[in-house]
Amino acid sequence: MADVYDKVMELAKRRGFVWPSSEIYGSVAGLIDYGPLGAMMKRKIENLWRDYYVAREGYFEIECPTVGEEAIYIASGHVKGFADKMVQCPHCKEYHRADHVCEAHNIEHAETKTLGELTEILRNLPCPACGKTFDGAEAHYFNLMFHTTIGPGSQRTGYLRPETAQGIFTDFGRLLRFYRDKLPFGTVQIGKSYRNEISPRQGMIRLREFTQAEAEIFVHPQHKEHPNFGRYADRVVPLRGIKQQENDEEPVAITIGEAVKSGIVANEYVGYYIALTHDFLIACGADPARIRFRQHLPDERAHYATDCWDAEVLSARFGWVEVVGIADRTDYDLKAHAAQSGDSFTAFIPYDEEKKVREMKIVADMGALGPKFKGKAKAVAELLAASKPTENGAEIVLDGEKILIPPELYKVREQETVIRGEEVRPHVIEPSYGIDRILYSVLEHAFDEEDVDGETRTVLRISKKIAPVQVAVLPLMSRDGLDTIALELMAEIQDEGLIAQYDDSGAIGRRYRRQDEIGTPFAVTVDYDTKEDNTVTLRERDSMKQIRIPKDHLAETLRQLIRGKVAFENL
Ligand code: GAP
């Protein structure tokens, strides 16, 4: 029997949300095309995300190339460590994620097991493709990055980016100047990321090309208080912390203020973005009862991250699916790029009040240094100025050699230095969203079938904010001037910036069903009464209720309804 996944995907393909890419050539697992409705819905999710992060948080968006040179990914650690554990069936030669095969057989924490442990467990497990055991096969690493070369002659190694984040990290210096050298600041990027997943057999959940919306927020390491924490402090969120997971307990419903205060969540920034994500997912139309936040266990958390939470959404087919990751990545990324590039990746943070310190400073005696060091005397003088005097002399490193300069070759004077601030390497707070997974989850949660007058009505109860078509315009007949009035109304609705679809084919009941199935929240019908009294029928998708309103107010009323400024039942 078809489960909701099959039904959603059948509808998605048939009505133009999403379908396999290059179907005529057999298609490739993990690559999908968004059809007209899917592309529209995806854009709306992205724009809603921009409302939260760009408009409300004030984090400007940048756009970096999807292909990047090797140095970026050596620094980030992806070249060395961005790999999944893979096993090839010795019989049918099919490749599989070694940990996924184990998980399907209820082996706990398979993701954190070593290659040796996985090989040992797999010996007795059957291959999901052919059913014979993996005995004789060894688990090994497979790097998930797509490799390429940049330019014809150079054969310079490049990679398709596995996350959008690295572009923001490498631009840190320029972004810091853009934000007038002040912390905190945030930058976001929405775009394609690529991972050569080993066996992507989970529809839109595991793709080889997918869209991420990532925010990288650079904060002072000692100040992880979000300036607008109060906005979400009282929001209740379902948290499945380390304790609940260890005790196999359900998530606790707790305010984010309390979660931060009690130390369940590491700091206000992480807490703030957990709450914001909760708000965002619900605004997209995910069912609040099927959302939870799961904390990474110490053995699954990246070694550099101090805290990490996944927003998970419950899918009937796939169970709890991670759709967003929220992490405090500390200074790991900036430190890594500093080491690789030689740039400092720090911000100069002025003190509230300047500090004055008295220091013993060395002043070289050129008359004494000249005869001894000749051509290198100037370099020695400069090195001495930066070194500390001791009783026995001052140590410098000249041409890689340590030299102790005796006290008779320099003078020491007490000087006052004014220190205006300090160089700080910011920490990064990162909420990272997978747009495709969110879109699929919303479709699954919105999908509904109900009995109406003995017939099954399929309806996508998608949020008005992200429905691909917002209004259907339906002339009862495409004659007698009804079509002309409907087309005029259509133009007025479009002028309000709404996405409308004109449909004049078939019985009106069928046309309503077609719109219900793609989640259109409102339908407008022009009938013979319209010609008499200038009113039209306005129908709401979810309740199927219909009211008559003056056609002159229609476009404005629809705009208010879709923006949530007025409720249908109050019209
Ligand atoms: N910069 C951090 C980062 O990339 P991630 O947890 O690997 O973290 C973030 O990815 C989000 O991207 C995930 O929560 C998920 O929604 C999405 N994502 C990751 N791999 C994906 C894939 N193969 N297909 C679809 N979405 C994916």
Solitary cysteines of the chain, where the nearest other Cys Cβ is not under 4.7 Å | Cys64, Cys102, Cys284, Cys308
In the stretch 511-571, what percent of the accessible surface is made up of carbon and sulfur (1.4 Å probe, ligands and nucleic acids excluded)?
-> 43
Lysines within cross-link reach of Lys388: Cα-Cα under 29 Å, excluding same-chain residues under 8 positions apart?
-> Lys335, Lys355, Lys356, Lys361, Lys372, Lys374, Lys376, Lys378, Lys402, Lys411
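How much of the accessible area of the stretch 1-144, in percent, comes from carbon and sulfur atoms when a 1.4 Å probe is used?
52
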Nearest-10 value in Å² for the accessible area of Lys551, using the 1.4 Å probe | 40
So which GluC sites (Glu not before Pro) in the stretch 255-344 pass both tests, a DSSP loop state and at most 15 other Cβ atoms within 10 Å of the Cβ?
-> Glu300
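What number does the stretch 87-133 give for Rg over Rh if you use C-alpha atoms and the Kirkwood radius?
When Rh is taken as the Kirkwood radius, the ratio is 0.92.
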Solvent-accessible heavy-atom area per residue, rounded to whole Å², over the chain at 1.4 Å = 49
What order do His445, His109 take when sorted by accessible area (1.4 Å probe), most exposed first?
-> His109, His445
Relative to the longest principal axis of the C-alpha atoms of the chain, give the angle of the C-alpha long axis of helix 4-15, reported between 0 and 90° and rounded to the nearest 10°.
-> 80
If the chain between Ala302 and Tyr351 were fully extended at 0.36 nm per residue, the gain over the current Cα-Cα distance would be 14.4 nm
Whole-number percent relative contact order across the stretch 330-404, with pairs defined as alpha carbons under 8 Å at least 6 apart | 19
Determine how large the accessible area of Phe218 is when every protein chain is in place; take a 1.4 Å probe and give Å² rounded to the nearest 10.
-> 0
Points 7 angstrom from Cα along the Cβ direction at Ala567 and Arg358: gap in nanometres?
-> 7.3
Compactness relative to 2.2 N^0.38 Å, alpha carbon Rg of the stretch 425-571 | 1.20
Could you tally the net charge around Ile190, taking each other residue with its Cβ under 11 Å from the Cβ of Ile190, Lys/Arg +1 and Asp/Glu -1?
-> 0
Charge dipole magnitude, Cβ of K and R +1, D and E -1 - the chain, Cα centre, debye nearest 20 | 1260
Enumerate lysine pairs in the stretch 71-226 that are 8 or more residues apart or on different chains, then count those whose Cα atoms are under 28 Å apart.
-> 11
Two-site FRET efficiency, Arg156 against Lys132, from Cβ-Cβ distance with R₀ of 51 Å, rounded to 0.05 = 0.75
Judged on accessible area alone, 1.4 Å probe, highest first, Ser478, Ser315 line up as Ser478, Ser315
Just going by the charge dipole of the chain, with Lys and Arg at +1 and Asp and Glu at -1 on Cβ, which of Met41, Ser441, Val28 is farthest out on the positive end?
-> Val28
Counting other Cβ atoms within 10 Å, keep those with at most 15, restrict to DSSP loop, and tell me which GluC sites (Glu not before Pro) in the stretch 1-73 are left.
-> Glu63
So which lysines can Lys7 reach, going by Cα to Cα under 24 Å and dropping same-chain residues fewer than 8 places off?
-> Lys42, Lys44, Lys464, Lys465
Between helix 508-517 and the chain: long-axis angle, C-alpha atoms, 0 to 90°, nearest 10 = 20
Over the stretch 197-319, what is the relative contact order in whole percent, taking alpha-carbon pairs under 8 Å and six or more residues apart?
-> 22
Hey, for a label at Asp365 modelled as a point 7 Å past Cα toward Cβ, could you say which residues of the stretch 380-405 have their backbone N under 16 Å away?
-> 381, 384-385, 389-394, 405
What spacing in nm lies between the two simple spin-label points modelled at Leu404 and Asn228, each 7 Å away from Cα in the Cβ direction?
-> 6.1
Each residue of the stretch 212-217 in order: what ³J(HN,Hα) in whole Hz does its phi give by Karplus 6.51 cos²θ - 1.76 cosθ + 1.60, θ = phi - 60°, with x for Gly and Pro?
-> 10, 10, 10, 10, 10, 10
With a 1.4 Å probe and every protein chain kept in, tell me what percent of the accessible surface of the stretch 317-357 is carbon plus sulfur.
-> 45
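The values are calculated or read from the model by the stated rules, or taken from the named source; none is laboratory data. Not measured: the values here are computed from a predicted model. FYI the Cβ positions are ideal-geometry reconstructions off the backbone, even for glycines, and counts take in every protein chain you see. For accessibility, only protein heavy atoms count, side chains too; no ligands or nucleic acids. Shrake-Rupley method; radii C 1.70, N 1.55, O 1.52, S 1.80 Å.
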